[in-house]
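The values are calculated or read from the model by the stated rules, or taken from the named source; none is laboratory data. All values reported here derive from a predicted model rather than from experimental measurement. When we count neighbours, we look across all protein chains shown, and the Cβ atoms used for this are built from the backbone with ideal geometry, even at glycine.
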Amino acid sequence: MDRTRRTKKTYSFLWRRIKEVHPVEKWHFNKMQEVLDEPIPRGIIGIDIGSGCGYDTYIMAKNNPSIKIISIDISDGVYTTRKLTSNLKNVYIIKCSVSDIPLKKSIFDFAYSFGVLHHTVNPKKCISEISRVLKKQAPIFAYLYEDHSENPIRHIAVKIISKLRIITPKLHPKILYVLCWLTSPFIFVIFSFPSKILKQFKLTGSLYKKIPFNFGTGFFSLCDDLYDRLSAPIEHRFSRQKAYELFSESGFQNIGITRLNDSAGWVIWGYK
């Protein structure tokens, strides 16, 4: 099985676990929007690249009823998205790969993608495909994994996870998910809980951001994140410079890069 098909299988398992779909007010989109000085949804029609279970698609479409949102994903998450957005008239769902979007060129006013491009075989090809379907001067807003080369503690953690990923993507999804569920409490105690203590004090308030998994909220809150990190057959990580080059070499201009609040990874945007 090639890596793209394995990626499809991996995330189909994760999204099929959601038996009941409930609308949400906040998701990844909101974290992205917080660090940007301009609105992401705009114009007449936009595209959510790799929409997963559809929460970001739902939020963008619900809060912008005059904008059509095309939601694409390679996995069975599209069926969850369909249930979630069934009452919204401005959502259109396509099951496809970002490397081969079955739509004509120059039709979208914006593109949004959270946590997807770094799981593709060829991110540069995917960025070029997104550029193809964007109108001239239309923006793309994306989130990419950081290599943490500027943070020794996180960089070591990435190296350890990379070693584990030699084995973990080959495990059956159910077995890996159980292992992540069992591991989550230990990761929370070792990393998340200490980071929350550091955050409370003025002298150590800035240190918590350097600790891996500082976003954990409870013993089993890290299960899905661990599965995401350990199950993906493909994972690219980017330095600030490499993220910039990925966009600039695909012809995007006025590129900006920042980080998410209380998290890791690059928020990057540019205009066709």
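Examine region 43-54 for a residue that is of a type in the set (D, E, K, R), outside any loop (DSSP other than H, G, I, E, B), in contact with a Phe, Trp or Tyr (Cβ under 7 Å, 6 or more places away or on another chain) and crowded, with 22+ Cβ neighbours inside 10 Å, and state whether such a residue exists. There is at least one residue in region 43-54 that is of a type in the set (D, E, K, R), outside any loop (DSSP other than H, G, I, E, B), in contact with a Phe, Trp or Tyr (Cβ under 7 Å, 6 or more places away or on another chain) and crowded, with 22+ Cβ neighbours inside 10 Å. Checking LYS62, LYS26, LYS31, LYS19 one by one, the residue that is assigned to a helix (DSSP H, G or I), charged (D, E, K, R), on the phi < 0 side of the Ramachandran plot and over 14 Å from the mean Cα position of the chain (by Cα) is LYS62 and no other.
Going through (1) in a strand (DSSP E or B); (2) of a type outside the set (Ser, Thr, Tyr); (3) more than 23 Å from GLN33 (Cα to Cα) one by one, ILE72 falls short only on (3). Summed over region 102-130, the residues that are more than 29 Å from ASP225 (Cα to Cα), touching a residue at least 60 places away in the same chain (Cβ under 8 Å) and either assigned to a helix (DSSP H, G or I) or charged (D, E, K, R) (or both) give a count of 1. When ARG6 is tested against (1) in contact with a Ser or Thr (Cβ under 6 Å, 6 or more places away or on another chain); (2) closer than 20 Å to VAL178 by Cβ; (3) in a helix (DSSP H, G or I), exactly one condition is not met: (1). Each residue in region 5-42 was checked for being surrounded by 16 or more Cβ atoms within 10 Å (Cβ to Cβ) and under 23 Å from ARG132 (Cβ atoms), and 5 of them qualify. With the requirement that a residue be free of Cβ contacts under 8 Å to residues at least 24 places away in the same chain, surrounded by 15 or more Cβ atoms within 10 Å (Cβ to Cβ) and part of a loop (DSSP other than H, G, I, E, B), what does region 206-221 give you? Within region 206-221, just LEU207 meets the criteria. Screening the candidates VAL158, VAL267 for the property of being closer than 25 Å to MET32 by Cα and modelled with pLDDT under 90 yields one hit, VAL158. Among the residues of region 213-260, the ones that are under 16 Å from the mean Cα position of the chain (by Cα) and under 21 Å from ILE140 (Cβ atoms) come to 10 in all.
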